[in-house]
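S.K.: Supplied in structure tokens, the structure appears directly below.
The values are calculated or read from the model by the stated rules, or taken from the named source; none is laboratory data. Note that the structure is a prediction, hence the values are computed from the model and not measured. We place every Cβ from the backbone using ideal geometry, glycine too, and count neighbours over all the protein chains shown. The accessibility values were calculated without ligands, DNA or RNA, using every heavy atom of the protein model including side chains. Shrake-Rupley method; radii C 1.70, N 1.55, O 1.52, S 1.80 Å.
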Amino acid sequence: MARIRLQNIAHSYVGDTGNLDDFALKKLDLTWDDGGAYALLGPSGCGKSTLLNIISGLLYPTRGKVYFDDREVTTLPTEERNTAQVFQFPVVYDTMTVFDNLAFPLKNRGVDGKEIRRRVTELAEMLDLQNDLKRKAQGLTADVKQKISLGRGLIRKDVNVILFDEPLTVIDPQLKWELRSQLKKLHKQFDFTMIYVTHDQTEALTFADEVVVMYEGEVVQVGTPEELFNRPNHTFVGYFIGSPGMNILPCTVRGDRAVVGKHEIPLGRIYKESTGETKLELGVRPEFLTLSTSSDQGLPVSIGRIDDIGHLRVAQVSLDGLPLSVVVGENEILSGQSGHLVFDTPHANIYADGHLQRGEAV
Ligand code: ADP
Ligand code: MG
């Protein structure tokens, strides 16, 4: 295992044109601690696979350096980096048996037969492949093939890092859940450094101790699931994490108040007023709004649809035409009524061009 450091990494598939728009990765400074369980979360096309491939050596970055502990590996080929990578779609040798597929990375490194059998048996049990070990991989379903790929990624204990690139895409939902818990258990057991790429927030939040959120070639926040929920550093994080996501309203700022249309919302902190081009927004999660039909405190809203989302009830309300989602719990809010909306001040965040503003204590 190793601590992995990315220093000023940027990558363009069309060479160093100097035009930031050509860069799939804009500028990254990140350290992955030895033994950490990380998720790399972001929408399709934001640069997740590019980043993984730079770590494994399938790609050399246009700019910046990669270190494994204190050793620079920026242009070292994959074989010399000692990493394991599991891709979105199965990579298996069709003519080999399942056993031989799993054993391959160990055989390649001259591990002795007894140890290989022990390890293959252990992993086959974990992945529920015991009964398929003697079968040829050819003709197996995509699910089973992907489990073999996962097994191959996990079979060596001496790798610097295991990289998973949306590995559960072809797996059916029930099995997905099981495999995810298995991976988590395995991480606890062996302390592998794992980087798990996904565009699915549930997958990211259940797997990882720390989540790296990417958006348009940049890392917008690194944090625990709680941190991402409680204090999104970027409107994208607020919107992407949580369901429904954070409400984001265009606003201006006057001292310690946000001004939305003709309404003022107390913020508890003082913010810089917008200068010229800067776009200011007020972000508040549906969980941090209180809707009441009995009190006349707060902002007047009309109440639209109410949805049951798992154990939550979420009301869609309109503040002079601006839509917001509000968690209303089991109280007596009904659709079609008018009500009053109160913002939980410490959780009402101000964003300038998408980025969270700290403000100053009043
Ligand atoms: P993700 O894995 O988050 O979906 P990728 O890292 O695959 O994103 O892609 C990031 C950006 O780089 C996308 O705009 C994609 O179209 C582009 N890209 C990816 N691979 C290549 C490639 N081999 N050649 C040119 N552009 C690429
Ligand atoms: Mg990808």
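S.K.: Say whether the condition of being open to solvent by 10 Å² or more (accessible area, probe 1.4 Å) and within 16 Å of ligand 1 (Cβ to nearest atom) is met by at least one residue in region 28-36.
M.R.: First, the residues of region 28-36 that are open to solvent by 10 Å² or more (accessible area, probe 1.4 Å): 29-31, 33-36.
If we keep only those that are within 16 Å of ligand 1 (Cβ to nearest atom) too, we end up with 30.
Within region 28-36, one or more residues are open to solvent by 10 Å² or more (accessible area, probe 1.4 Å) and within 16 Å of ligand 1 (Cβ to nearest atom).
S.K.: Give just the number: which of (1) surrounded by 15 or more Cβ atoms within 10 Å (Cβ to Cβ); (2) in contact with a helix residue (DSSP H, G or I) (Cβ under 6 Å, 6 or more places away or on another chain) does T290 not satisfy?
M.R.: (2)
S.K.: Consider G255 carefully, then state whether it is surrounded by fewer than 22 Cβ atoms within 10 Å (Cβ to Cβ) and in contact with a helix residue (DSSP H, G or I) (Cβ under 8 Å, 6 or more places away or on another chain). Break it down stepwise before answering.
M.R.: Values: surrounded by fewer than 22 Cβ atoms within 10 Å (Cβ to Cβ): yes; in contact with a helix residue (DSSP H, G or I) (Cβ under 8 Å, 6 or more places away or on another chain): no.
Here the answer is no, as G255 does not meet what is asked.
S.K.: Between a first residue in region 298-316 that is of a type outside the set (K, R) and a second residue that is assigned to a loop (DSSP other than H, G, I, E, B), which pairs have beta carbons less than 6 Å apart while being 6 or more apart in sequence or on different chains?
M.R.: Final answer for the pair search is I303/S335; I303/Q337; I306/S335; A315/V328; A315/I333.
S.K.: Only one of (1) under 26 Å from V170 (Cα atoms); (2) open to solvent by 50 Å² or more (accessible area, probe 1.4 Å) is not met by E226, so which one is it?
M.R.: (1)
S.K.: Which one of T206, T169 is over 18 Å from N349 (Cα atoms), touching a residue at least 24 places away in the same chain (Cβ under 8 Å) and within 16 Å of ligand 2 (Cβ to nearest atom)?
M.R.: T169
S.K.: Another question, then. Picking from F236, F190, F207, which residue would you name as being out of contact with any Cys (no Cβ under 7 Å at 6 or more places or on another chain), among the aromatic types (F, W, Y), at pLDDT below 95 and open to solvent by 10 Å² or more (accessible area, probe 1.4 Å)?
M.R.: Sole residue among the options that is out of contact with any Cys (no Cβ under 7 Å at 6 or more places or on another chain), among the aromatic types (F, W, Y), at pLDDT below 95 and open to solvent by 10 Å² or more (accessible area, probe 1.4 Å): F190.
S.K.: Among the residues of region 49-57, are any at pLDDT 95 or above and away from ligand 2 (no atom under 16 Å from the Cβ)? Give the derivation first.
M.R.: Here is the first cut: in region 49-57, the residues at pLDDT 95 or above are 49-57.
Retained after the next criterion (residues that are away from ligand 2 (no atom under 16 Å from the Cβ)): 57.
The answer is yes; a qualifying residue exists.
S.K.: I'm trying to understand the selection: among the residues of region 261-296, which are among the aromatic types (F, W, Y) and either in contact with a Phe, Trp or Tyr (Cβ under 8 Å, 6 or more places away or on another chain) or part of a strand (DSSP E or B) (or both)?
M.R.: As a first pass, look at region 261-296 and keep what is among the aromatic types (F, W, Y): 271, 288.
Within region 261-296, F288 is the sole residue that qualifies.
S.K.: Looking at region 1-16 only, could you name the residues that are in contact with a helix residue (DSSP H, G or I) (Cβ under 6 Å, 6 or more places away or on another chain), surrounded by 17 or more Cβ atoms within 10 Å (Cβ to Cβ) and hydrophobic (A, V, I, L, M, F, W, C)? If you could, list the steps in order and put the result at the bottom.
M.R.: Pass one, region 1-16, residues in contact with a helix residue (DSSP H, G or I) (Cβ under 6 Å, 6 or more places away or on another chain): 11-12, 14.
When the remaining residues are screened for being surrounded by 17 or more Cβ atoms within 10 Å (Cβ to Cβ), the result is 11-12.
Correct list: empty.
S.K.: Can you tell me which residue in region 1-45 is farthest from ligand 2 (Cβ to nearest atom), limited to those that are under 27 Å from D200 (Cβ atoms) and hydroxyl-bearing (S, T, Y)?
M.R.: T31
S.K.: So V213 passes all but one of these: (1) at pLDDT below 95; (2) among the β-branched types (V, I, T); (3) within 9 Å of the chain's Cα centre (by Cα). Which condition number does it fail?
M.R.: All conditions pass for V213, except number (1).
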